[in-house]
Amino acid sequence: MVTPVSQPKIFKLPDVGEGLTEAEIVKWHVQPGDTVEINQTIVEIETAKAIVELPCPFEGVVTELLATEGETVDVGKPIISVDADGGGSVATPVSEPPAQAAAIKQDAVPRVEEPGMVSPEAPPKRQPVLVGYGVKEGATKRRPRKSANGAPPHAQQAQAPAPAPAPVAPPAPRPQPGGTGLPLAKPPVRKMAKDLGVDLATITGTGPQGSITREDVLAAQAGTQAGTQVEPQAPRVPAQAGPREERRPVKGVRKATAAAMSGSAFTAPHVTEFLQVDVTRTMETVKRLRELPEFADVKVSPLLLVARALLTAVARHPEVNATWADGPSGAEIVVKRYVNLGIAAATDRGLIVPKVKEAQDLDLPGLARALGELTEKARAGKATPADLSDGTITITNVGVFGVDTGTPILTPGEAAILAFGQIRDMPWVHEGELAIRKVTTLSLSFDHRIVDGELGSRVLRDVGDMLEDPIRMLAWS
Amino acid sequence: MTIDSVRGAPDTTEAAEPELVQLLTPEGERVEHPDYPLDLSAEEVRDLYRDLVIVRRIDLESVALTRQGELGIWASLLGQEAAQIGSGRALTEHDMVFPTYREHGVAWCRNVEPLNLLGLFRGVNHGGWDPAEHGFHLYTIVIGSQTLHATGYAMGVQRDGVLGTPSAGATIAYFGDGATSQGDVNESFVFASVFNAPIVFFCQNNQWAISEPLERQTRIPLYKRAQGFGFPGLRVDGNDVFACLAVTRKALENARTGQGPTLIEAFTYRMGAHTTTDDPTRYRLKAEEEAWKLKDPIERVKSYLVRNDLADSGFFDKVEDEAKQLSRELREACLALPDPDPMTMFDHVYAERHPLMTEEQEQFAAYLASFEEESK
């Protein structure tokens, strides 16, 4: 057998905790090109049980990271490839003997293959149960039937898992029309393309299974990949040294946001009102709540009390929680008796507004938990379409960006949106004297077709009063 | 009124620090104890140091192999090396060990190939060594049950009538602080006590039973339990290899000469996780680990050797190289371990052949043979 030149070794995500099926890549400690030693820590992963550091089983030079930080990877999927020829040769023989030894001992007995060290081109192998990666779904080897059709046992190989091709798309809940057409490329290549502003959809890949390689991306960027652009109608700016403009395709969340915002801005006549509020007592309440056992495992933030205050205001003024509907018998105003509270969250993929469903029924710890889980899910790119739809009213926390306020645009189909600015120390007249207080600015945009200035002002004033003196939330709920 | 306020505070905090047998301080200073004189040559100390370093290295390699998906699970002995090497090196030819699944250091002292231990956790054997040949029983996974096996074995030795003769062997049962809450352990204390069995109960109190702290196991120091059962108990610095060696030697000698059982509580600390499948950061504070790091069992022997000019840097490098080489060989051998022939599963179920099993064996062989027919 001739040893192929420079065959990289693939390390697949092991089950490090008795029956785990997946783990999240928390942090890579190595990068492509780094030299690694056996047992050098290469990556931190978080499983359902623990954060653990994985030691490298090979020595050599890292050729590629096959999973990105933040990605949740199934056990058994390749996460890193290491070129052993790049380093010392001590470890090289290690990868070969297991299979041979097993073959000698077992002759014709059904075999359970060694885990771990397969080259990418190796035929599909079955994994043992106790060690390594657990049993693959569909990989169970059944006893061949003594049936008339006599299907050869090799046919079972077809249902064994193929060595995973390129890892798939980033875990964004991005709506994919048709579900296909997503170009194949490994995460680092995607990242590189994104950084360089190259649209993968315009490239024809030259890698395995037509996947796009680093070289393809570089070639596309340099504009030298002649004849490979499948969408010539989308002319790209050839990248000279230091382009003066950069064109980015509008798609995904950005596209959806753009459509919603212009739709809303040109349909619903917006009015925005502002109110500065002394929230010192709210901050004290937040601090006190954090000490209560009911809130021990949830995040208590000022946003939680803003949300609670808005829900109370909605209960006092239900008409603000409404939508404009053009029905067959003319226009109607639909007042909702339930509140699906949208919370605008900034994510890597853009603005996402997950909704806390039936928020009017939640107690305060429940609301805190729902807020925490939902925004976490949205940030992790795991919000489902159901999480993102059917809102009735929205809060946008622009304070996290360090600004005081804004004029938010309504989420389509809703009548009001509350913006919550940053909280900062301000000179304030408190009980007749000048004092340094925690002050924020609230702004409320509303659809003037549904909500009059009087109603909008009352809602905003109510929210402000409750944040000035949180006891009012008790009084009014 | 709560139960605690009725009973008062646990004895562990009320009493002054319980007496701890220590012969080597964490700083590497030799101290004497009236009941446990110990005279070791420079070479013996160096050998102990080598044992400690090697078992730690083997343990680290095994943890790494588990993280790489090559072993199913591993229970690390990190921090407990002195308790295991000290007690393990006190053993002599006829003694018999009943270990838990963490006694890799004792296994090393009993010449059990580390590869055999890995085979067990790789799922390719059930231990794979002959307990009689090594005087080292197979690992017991069930918590505490080996103390009953050990007590029964010790009572057998007693009935052989060899105690007090040169061929007398003592029995030593290893277990942890968590196991002391098990019925099995308490039952074996009763049997050992009333029959005056030639046994040493060696409890490595590593402070944590998975995620349960010691104060959820006992309100008195564990070694004091023995008194209630009617035999002597003592606490030894479990990170002091000299003290562990000395107290275990004496307890074993007492057993061999018919003076009955002893409970040794080796006061130590599990520096790692309970096994590779749990995360200690979820239930204990880093500060506690840092405090125990200062009591490291290997560092103090090294300081002792250096302080007394018993070893130079050449020696330490050599030991380090040897440990590295051993672990590298262990890794390669582990990866090369063949999967077992399915037919071997019938080999060690009973000591002798059994008609029912012969029948099952034949059925299974026929089943396996059906694959060959199909693939032709």
Legend entry - Net +/- balance of residues flanking B:Val162 in space, Cβ distance below 15 Å, scoring K and R +1, D and E -1: -2
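What value, in deg cm²/dmol to 500, does the helix sum -39500 (n - 2.57) over DSSP H runs of n ≥ 4 give at 222 nm once divided by the residues of chain B?
-14000 deg cm²/dmol
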Legend entry - FRET efficiency for A:Lys49 and A:His270, using Cβ-Cβ distance with R0 set to 35 Å, rounded to 0.05: 0.10
Inset, instruction - Have a look at B:Val45, B:Val349, B:Val319 and tell me which one the Gaussian network model of chain B (Cα, springs below 10 Å) gives the largest fluctuation. - result: B:Val349
Legend entry - Residues with amide H under 5 Å from that of B:Val236, placed H, sequence gap 5 or more: B:Val21, B:Glu265, B:Ala266, B:Phe267
Inset, instruction - Apply the Karplus parameterisation 6.51 cos²θ - 1.76 cosθ + 1.60, with θ equal to phi minus 60°, to every residue of segment A:53-68 and state each ³J(HN,Hα) to the nearest whole Hz, in sequence, with x for glycine and proline. - result: 9, 9, x, 6, x, 10, 10, x, 10, 5, 9, 7, 9, 9, 8, 9
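Just the number: Rg to Rh for segment B:81-190, Cα atoms, Kirkwood Rh, two decimals.
In segment B:81-190, Rg relative to Rh is 0.96.
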Inset, instruction - Mind grabbing the base-10 log of I(q)/I(0) for segment B:11-340 at q = 0.13 Å⁻¹? Debye formula, identical points on the C-alpha positions, no solvent, two decimal places. - result: -0.97
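Once you sort the root eigenvalues of the Cα gyration tensor of segment A:340-461 as a ≥ b ≥ c, which label holds: rounded (a/c under 1.5), prolate (a/b larger than b/c) or oblate (the other case)?
On the way: a/c = 1.88, a/b = 1.42, b/c = 1.32.
Judged from the Cα gyration tensor, segment A:340-461 comes out prolate (a/c at least 1.5, a/b above b/c).
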Inset, instruction - Pull out the extension gain between A:Val400 and A:Ala435, defined as 0.36 nm times the separation in residues minus the alpha carbon to alpha carbon distance; nm, one decimal. - result: 10.1 nm
Inset, instruction - List every residue whose amide H lies under 5 Å from the amide H of A:Gly70, counting only residues 5 or more places away in sequence or on a different chain, with H placed 1.01 Å from N in the peptide plane. - result: A:Ile25, A:Val26
Inset, instruction - Could you give the C-alpha radius of gyration of segment A:253-476 expressed as a fraction of 2.2 N^0.38 Å, taking N as the number of residues it contains? - result: 1.00
Legend entry - Cut-off under 5 Å, modelled amide H: who pairs with A:Val43 long-range: A:His29, A:Leu54
Legend entry - segment B:11-340: Lys pairs at Cα distance under 20 angstrom, eight or more positions apart or on different chains: 5
Legend entry - Shielding of B:68-78 by partner chains, average beta-carbon count, 10 Å: 5
Inset, instruction - Evaluate the distance, in nm, between pseudo-label points positioned 7 Å from the Cα of B:Phe364 and of A:Val250 along their respective Cα→Cβ axes. - result: 6.9 nm
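Any read-out appearing in this document is the output of simple, stated calculations on the displayed coordinates, not a laboratory observation. Keep in mind the model is a prediction, meaning the values are calculated, not measured. Every residue, glycine as well, gets a Cβ built from its backbone with ideal geometry; the counts of neighbours run over all protein chains shown.
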